[in-house]
1. Among the residues of segment 25-70, what is the count of those that are within 14 Å of PHE90 (Cα to Cα) and assigned to a loop (DSSP other than H, G, I, E, B)?
2. Give the residue that is surrounded by the fewest Cβ atoms within 10 Å (Cβ to Cβ), with candidates limited to residues of segment 58-92 that are of a type outside the set (A, V, I, L, M), under 11 Å from the mean Cα position of the chain (by Cα) and over 16 Å from SER47 (Cβ atoms).
3. How about segment 5-57: which of its residues are of a type in the set (Val, Ile, Thr), at pLDDT below 55 and surrounded by fewer than 16 Cβ atoms within 10 Å (Cβ to Cβ)?
Amino acid sequence: MENIENKNAVELNEQELDEVVGGKGGSGKRVKATGDVHVRKYADKESADLGILYTGDTAPYMGDKKTDYRGVVWYKVAFRNGKGWVSSKFSKLV
């Protein structure tokens, strides 16, 4: 079998995995990019850029969302080896 490396692979500890798949307080949902969207360290468009989810890509939803000072909703996602935030202007919960 061919080994395919996923550059956006996520390594989660047991508690985080439980949250992602819908265990204690988790949603089991994903966030889908509706356009190319930057994953940010915090729920703010000026926050550090952790990478990009390209149109059609999905990431596990971590069950948390915040609204910024402009009224834009941000979703917390598992991304690469950690967590980040994506704007609802370019993504949706699925």
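1. 10
2. Step by step, filter segment 58-92, then rank; the result is LYS92.
3. Correct list: VAL21 only.
The values are calculated or read from the model by the stated rules, or taken from the named source; none is laboratory data. All values reported here derive from a predicted model rather than from experimental measurement. Ideal geometry is used to build each Cβ from the backbone, glycine not excepted, and the neighbour counts take in all protein chains shown.
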